[in-house]
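Notes to accompany the following structure.
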2 protein chains.
Amino acid sequence: MKLFEFLVSPAECARRRGPEDRIVTSSRVRLARNLKDLPFPVWAKKPDRLRAMERIRPAVESLPVMKDAYSESIDRLSSLEKQILVERHLISREQAAKGPGSGLVLSRDETISVMINEEDHLRMQALLPGLQLKETWRIMDQFDTRLEEKLPFAFDRKLGYLTACPTNLGTGIRVSAMLHLPGLVLNENMGQIIQSVNKLGLAVRGLYGEGTEAFGNIFQISNQRTLGEDENRIVQRLEKVIGQVIEHEENARATLLERKPKVVLNHIGRAYGILSNAHSISSKETMNLLSLLRLGMDLGLFPGIERVLVDELFLLTQPGHLQLQSTDNLSAEDRDLRRADMLRERLAGVKRPLDRPREGGPA
Amino acid sequence: MKLFEFLVSPAECARRRGPEDRIVTSSRVRLARNLKDLPFPVWAKKPDRLRAMERIRPAVESLPVMKDAYSESIDRLSSLEKQILVERHLISREQAAKGPGSGLVLSRDETISVMINEEDHLRMQALLPGLQLKETWRIMDQFDTRLEEKLPFAFDRKLGYLTACPTNLGTGIRVSAMLHLPGLVLNENMGQIIQSVNKLGLAVRGLYGEGTEAFGNIFQISNQRTLGEDENRIVQRLEKVIGQVIEHEENARATLLERKPKVVLNHIGRAYGILSNAHSISSKETMNLLSLLRLGMDLGLFPGIERVLVDELFLLTQPGHLQLQSTDNLSAEDRDLRRADMLRERLAGVKRPLDRPREGGPA
């Protein structure tokens, strides 16, 4: 089965709902694990990498949640397929660049994905919509327990799970959530929030994780420490901080509407005007403007229009997803044209935003 | 009578048509003259300035074309009135800053205006819509002849008319036209055009003349030399060069549409999107975007919409004209909000531009 036929449609992705999804778009837990009797992927020669792959892949596939999973060696994926997977946050950019001996096993509903021979032998993640870190952790914890019955993980009584990079040593866990924070960005409070969150030992990153820009006002908040702290405690701590950031974002929006309503309306109006009338637009500009459109929907400025429209466009306008809809091989310039065509078409039925937020608050 | 009641409405201004007005918005001829027996305004003490004013004003008012003219001393005009006059190109910014002893006489239809005690005792201009330099010169020439029957102008047999600045010596004439050149700007050919025009001894300037920026892709082309060349010859030469610039602009538009239609559509679409959805917009951005909207109308992208709509907005969105429509004293920030409100309202009935230029060319 081709990857494209396997993947959930962007529309379906966008329709998935979760708690607090007005601000938190997704929750993720990933675990780093390694086989105890083979060298870590970074140092392993090709035969050892293949050997690891041969042992891990069937073990992962055999778990009940992986029934009818998509399972493939990375080198057998086209660059377009890999890009689509990156855009859906199902593999890392690093994994996409790997050769033979690296692989992916992806559950039918895209909730669980396992990268084989990325930085560690196993990078397994669970991904759920909205803010549900506990549930995401529960799924991943169970998955990890089942898998450990089948594979001997490198584990040290004192240090915990051994990993290629010491920053993952111990629990090997990274818990994260994606937050849409246009209010804090418009209010110019985001720098301060990042500082405060950092002081609590948590990291704030861009849309595609470490070292990436926060396009579309979307930020990833995750734990930094993996050593000396229990997984449940990490999840709890993160949930608490994210709860506070949500509150700050809600406050920022309320403050903006109260003190600078015209600034908000100006940003949203211009975003709408450009998105529905441009004939060429980059991915970056699109994300930043869609973010403002999403804010407008949250504020009730587009009555009758569902946020799912914007969430679907967030995915459909990414370079890989755009290429997927075309039979020609698109250059960056072509994509900018197609992206604009798609946006004009999809937004044709969306009327101009209201001139003021609706009485009684957002829809 | 208040100036505001005297002035032709912006709508009426915008409805005025002239030859080639798709590209040439107006033609202007101004003459610099001085009384032979009084010191030039720059050196004159106040009594001499007042004496000049007392002699010039009734002489100008007595000419038949000045029947029911608006005539006022500059110091009796409010700063808003002066700004309105500058925005209509009826007085210079310099004249607006003058004190007692400087004045303005303006014909009923705003075609002829005479500034008294600006840089010279008399700066008289005729202003017509579209490209009609010969007719504008004919009007000004006749006016000058009539006035010379009543006032003794400083004239030297060898040098011609004497002026405060040697750059005006001789004929004292400045012939100019305002050209809307978005095609040459988009095509990045404007620099080359300016060079070529300069080589022919003509000047290219911005919207408000010397030292001003070319907002809204509007450029003023005028003669530099006033000495040693007959007025008719200057008018002819300018008309020829402007004819060539018009041709270049038409070619630029055709080339853009043929080679980069998406670039043109993108600029026009975005301009339309922003103008009809912004809640705050500066005068400069407005002019630049209205210029693109005007180009879109020229290209037939807005069927059923008349260019007069844009031409009126060009005037109505200027700071002074905006203030005129309000009873409050507007700050720059207030004006940006009012300007955006007006644009959204006026453009509410304008549908999104067509996705391609109409078959058979522009309307």
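The values are calculated or read from the model by the stated rules, or taken from the named source; none is laboratory data. The structure presented is a predicted model; accordingly, all values stated were derived computationally and were not measured. Every residue, glycine among them, receives a Cβ derived from its backbone with ideal geometry; neighbour counts consider all protein chains shown. Note: accessible area is taken over every heavy atom of the protein model, side chains too, but ligands, DNA and RNA are not part of it. Shrake-Rupley method; radii C 1.70, N 1.55, O 1.52, S 1.80 Å.
In a helix (DSSP H, G or I), open to solvent by less than 40 Å² (accessible area, probe 1.4 Å) and at pLDDT below 95, is that true of B:Gly216? In short, yes. Among the residues of this structure, A:Asn168 counts as one that is surrounded by 18 or more Cβ atoms within 10 Å (Cβ to Cβ), within 12 Å of A:Gln224 (Cβ to Cβ) and out of contact with any Phe, Trp or Tyr (no Cβ under 6 Å at 6 or more places or on another chain). Output yes when any residue across the range A:325-337 is touching a helix residue (DSSP H, G or I) at 6+ places or on another chain (Cβ under 7 Å), within 13 Å of chain B (Cβ to nearest Cβ) and within 21 Å of A:Val86 (Cα to Cα), and no when none is. Within the range A:325-337, one or more residues are touching a helix residue (DSSP H, G or I) at 6+ places or on another chain (Cβ under 7 Å), within 13 Å of chain B (Cβ to nearest Cβ) and within 21 Å of A:Val86 (Cα to Cα).
Scanning the range A:305-325 for residues that are under 19 Å from A:Arg93 (Cβ atoms) and in a loop (DSSP other than H, G, I, E, B) returns A:Thr317, A:Gln318. The C-beta contact set for the range B:276-289 (first residue more than 7 Å from every other protein chain (Cβ to nearest Cβ) and under 9 Å from B:Phe215 (Cα atoms), second residue among the hydroxyl-bearing types (Ser, Thr, Tyr) and open to solvent by 10 Å² or more (accessible area, probe 1.4 Å), distance under 9 angstrom, 6+ apart or interchain) is empty. Search the range B:295-304 for residues being part of a loop (DSSP other than H, G, I, E, B) and among the aliphatic types (A, V, I, L, M), and hand back the single one that is nearest to the other protein chains (Cβ to nearest Cβ). This residue is B:Leu301. When B:Leu301 is tested against (1) open to solvent by 60 Å² or more (accessible area, probe 1.4 Å); (2) more than 20 Å from B:Val8 (Cβ to Cβ), exactly one condition is not met: (1). When residues in the range B:246-278 are screened for being among the β-branched types (Val, Ile, Thr), touching a Leu at 6+ places or on another chain (Cβ under 6 Å) and over 28 Å from A:Ser276 (Cβ atoms), 0 of them pass.
Scanning the range B:259-273 for residues that are in contact with a Lys or Arg (Cβ under 8 Å, 6 or more places away or on another chain) and either among the hydroxyl-bearing types (Ser, Thr, Tyr) or open to solvent by 20 Å² or more (accessible area, probe 1.4 Å) (or both) gives B:Pro261, B:Tyr272. Do we have A:Pro353 as touching a Phe, Trp or Tyr at 6+ places or on another chain (Cβ under 6 Å), in a loop (DSSP other than H, G, I, E, B) and not β-branched (Val, Ile, Thr) here? Against the criterion (touching a Phe, Trp or Tyr at 6+ places or on another chain (Cβ under 6 Å), in a loop (DSSP other than H, G, I, E, B) and not β-branched (Val, Ile, Thr)), A:Pro353 qualifies. None of A:Val245, A:Val235, A:Val310 is out of contact with any Lys or Arg (no Cβ under 9 Å at 6 or more places or on another chain), open to solvent by less than 30 Å² (accessible area, probe 1.4 Å) and more than 14 Å from chain B (Cβ to nearest Cβ) except A:Val245.
If you go through the range B:248-258 and keep only what is crowded, with 18+ Cβ neighbours inside 10 Å and not hydrophobic (A, V, I, L, M, F, W, C), you end up with B:His248, B:Glu249, B:Arg253.
Among the criteria (1) of a type outside the set (Ser, Thr, Tyr); (2) under 19 Å from B:Arg338 (Cβ atoms); (3) at the interface with chain B (Cβ under 8 Å from one of its Cβ atoms), the one A:Lys260 does not fulfil is (3). Within the range A:118-152, the set of residues being farther than 29 Å from A:Ala11 by Cα and open to solvent by less than 30 Å² (accessible area, probe 1.4 Å) comprises A:Glu118, A:Asp120, A:His121, A:Leu122, A:Asp144, A:Leu147, A:Leu151.
Restricting attention to the range B:34-63, which residues are farther than 21 Å from B:Ile112 by Cβ and either basic (Lys, Arg) or outside the structural domain of B:Asn168 (by TED's automatic domain parsing) (or both)? Residues satisfying the conditions are B:Lys36, B:Lys45, B:Lys46, B:Arg49, B:Arg51.
For the range B:248-294, the set of residues classified as at pLDDT below 95 and part of a loop (DSSP other than H, G, I, E, B) consists of B:Lys260 only.
Within the range B:74-86, being among the acidic types (Asp, Glu) and surrounded by fewer than 19 Cβ atoms within 10 Å (Cβ to Cβ) holds for one residue alone: B:Asp75. Among the residues here, B:Met115 qualifies as within 27 Å of B:Glu312 (Cα to Cα), open to solvent by 20 Å² or more (accessible area, probe 1.4 Å) and modelled with pLDDT of 95 or more. Here B:Ser27, B:Ser71 are screened, and the one residue that is assigned to a strand (DSSP E or B), open to solvent by less than 80 Å² (accessible area, probe 1.4 Å), touching a Gly at 6+ places or on another chain (Cβ under 8 Å) and in contact (Cβ under 8 Å) with a residue 60 or more places away in the chain is B:Ser27.
Might you check whether a residue that is of a type outside the set (Val, Ile, Thr), under 22 Å from A:Arg253 (Cβ atoms), touching a residue at least 60 places away in the same chain (Cβ under 8 Å) and crowded, with 22+ Cβ neighbours inside 10 Å occurs anywhere in the range A:202-210? Taking every residue of the range A:202-210 in turn, none turns out to be of a type outside the set (Val, Ile, Thr), under 22 Å from A:Arg253 (Cβ atoms), touching a residue at least 60 places away in the same chain (Cβ under 8 Å) and crowded, with 22+ Cβ neighbours inside 10 Å. Taking the residues in the range B:131-166 that are more than 30 Å from B:Arg17 (Cβ to Cβ) and assigned to a helix (DSSP H, G or I) as candidates, determine which candidate is modelled with the lowest pLDDT. Restricting to residues being more than 30 Å from B:Arg17 (Cβ to Cβ) and assigned to a helix (DSSP H, G or I), the top hit is B:Pro166.
Taken together, the residues in the range A:31-63 that are open to solvent by less than 20 Å² (accessible area, probe 1.4 Å) and not small (Gly, Ala, Ser) amount to 9.
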